[in-house]
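Structure, as structure tokens:
We did not get these values from a lab; they are worked out from the coordinates using the rules stated. Just so we're clear, the structure is a prediction, and the values are computed from it rather than from any experiment. Note: ideal-geometry Cβ built from the backbone for every residue, glycine included; neighbour counts use all protein chains shown.
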Amino acid sequence: MERSRAVEDFLARLIGRKIDIYCGGASSLRGEVLKVEMGVLHLRDDDGKSCYIAVDKIVVVWEARDDDHRAGFVPPPNNK
């Protein structure tokens, strides 16, 4: 519980900034931090859609550097 609170406090300092979130697996999420409350991170993507992420599932957070960069892994090229 204390770890989640520390992560919530950290994420709350990023309100208004665009970040990339990685929670495991092969995908990541990007959006503007709207708020953090009761263990949930509220993001808004570039299309204006909302996304809600359980704080205790977050593995890594990056500040988004530019629109072309995405956090996570790049798939290998399809050479077939």
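Computed quantities for the displayed model
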quantity	calculated
Computed magnitude of the charge dipole of the stretch 2-63 (debye, nearest 20; Cβ of K, R +1, Cβ of D, E -1)	20 debye
Chain lengthening between M38 and C51 when straightened (0.36 nm per residue, less Cα-Cα)	3.2 nm
Cross-link reach list, aspartates and glutamates versus K35, counting only Cα pairs under 13 Å and skipping chain neighbours closer than eight places	E8, D9
